[in-house]
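Encoded as structure tokens, the structure appears first; notes follow it.
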Amino acid sequence: MAQVFHPSTNAFSRATIFGGVFILAVLAWAGGLWSRSSYVTLIDVVRDQPVPFSHEHHVSGLGIDCRYCHTSVETSSFAGIPATEVCMGCHSQIWKDSPLLAPVRDSYRTGEPLKWTRDVQRAGARLAFGRPVDTLYHFDRAEIVLSLDADFLLAMRGSVRYARDFISRRPVAAGDGPMSRLYVAESTPTITGASADHRLPLTPRAISASSLETGA
């Protein structure tokens with residue numbers, strides 16, 4: 001029987017197969033990079049603020065202790081934003097006539113707080129749902145709860161309701177239904193972490209990386 005295909009067809013087939021596998025691997029690698037990029041995660045996205053503030057300048061350059069500005073960092077799960085009076089403790093003497101600090105001086109004089117941009121949550125909701133939403137958690141319906149540096153039992157808005165709903169899924173007596181499980185990764189000890197079935201202490205950077213791995 002006459003040969004239907006030329007012998008070079010074998011080499012072409014092998015090249016096509018291996019080339020296809022290589023292209024799929026590159027696409028998977030590129031997709032992984034894209035899913036972890038700042039475009040998707042909104043991490044390290046620079047946003048316009050009323051005052052151009054630099055942590056590197058104040059902490060690394062000037063050696064100011066973080067706790068001077070963030071007074072609640074050792075007692076809360078979040079650092080908080082310093083009051084204008086804290087800023088003016090230094091800038092009433094240093095750079096007191098700088099145009100860059102005019103919004104700080106105006107805030108101190110009028111008593112109106114600076115309007116810092118804190119729309120990361122709204123931007124994330126817009127990516128996930130197509131529009132800004134106000135997130136409401138139903139801990140009374142959850143069988144497994146994962147908390148990433150979020151003290152929802154004490155420090156979050158709605159924590160009283162969240163605590164009541166969470167407790168409703170933690171029965172004491174037998175026969176009251178299945179108990180929910182709480183897993184917590186946090187950088188600072190909190191009430192939520194103390195109530196966890198499994199608590200993992202991590203740095204903020206490690207928690208950010210863990211959230212990406214969990215989402216993947």
Dipole-positive endmost among Ser195, Pro171, Ala155 within region 136-215 (Cβ charges, Cα centre): Ala155
Spacing of the two label points (7 Å from each Cα toward its C-beta) at Ile64 and Met179, in nm: 4.7
Rough spin-label spacing in nm, given labels placed 7 Å along Cα→Cβ, for Trp34 and Ser211: 2.3
Backbone N under 15 Å from the Ala83 label point (7 Å along Cα→Cβ), restricted to region 52-69: 68-69
Virtual spin-label span in nm between Ile94 and Asp48, 7 Å along Cα→Cβ: 2.9
FRET efficiency, Glu112 to Arg157 (Cβ-Cβ, R0 35 Å, nearest 0.05): 0.95
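Any read-out appearing in this document is the output of simple, stated calculations on the displayed coordinates, not a laboratory observation. Bear in mind the structure is a predicted one, so any value in this text is a computation, not a measurement. Note that we place each Cβ from the backbone using ideal geometry, even for glycine, and neighbour counts take in every protein chain shown.
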